[in-house]
1. On average, how much accessible surface per residue is there in the stretch 55-112, in Å², for a 1.4 Å probe, leaving out ligands, DNA and RNA?
2. Calculated FRET efficiency, ALA93 and ARG53, Cβ-Cβ r, R0 30 Å, to nearest 0.05?
3. Given a Förster distance of 25 angstrom, what is the FRET efficiency for THR110 paired with ALA35, based on the Cβ-Cβ distance and rounded to 0.05?
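The values are calculated or read from the model by the stated rules, or taken from the named source; none is laboratory data. Note that this is a predicted model, so its numbers are computed, not measured. Virtual Cβ from ideal backbone geometry, glycine too; neighbours counted across all protein chains shown. For the accessible areas, the whole protein counts, side chains as well, though only heavy atoms, and no ligand, DNA or RNA atoms are used. Shrake-Rupley method; radii C 1.70, N 1.55, O 1.52, S 1.80 Å.
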Amino acid sequence: MAKPRTDERDRSIPFMAWSPFASVPSPEVLQPAIANAAEFNGKTILSWMALHRKWTGFLMHRIEEDLALAHRLAKRSEPQDMYSVYANFYQQASADYQREFGEMMRLGQTSLSEAMSAAQKTMETAARSIPQAAA
């Protein structure tokens, strides 16, 4: 009859001796990099929230202008007056969209610049802390 197999031999090998993660630094060593990564995530989320808030405000403004167009047209009876209302509406809409897209580009560039600075800081901190853990 065969001997029952025991896992004693498997249990005697320390986990880190055979783990593919044996060279990964401890969480304490990575703490500064993790803190910087959290800062990066926070800045990114706040930037996106600002962009969405700005865009939502713009869309609300444009919806109000669209609704006001119908009211302005309802007060006109002559074709020339209606033409003038439409011309003013489209000129204003064009100027609003142009201004808003410029503002969104500026906010996006600022957001990206801040995110890249935070990411670079995270990478530099990790690069400094990991070699110290290996020593």
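1. 75 Å²
2. After rounding to 0.05, the efficiency reads 0.90.
3. The computed FRET efficiency comes out at 0.65.
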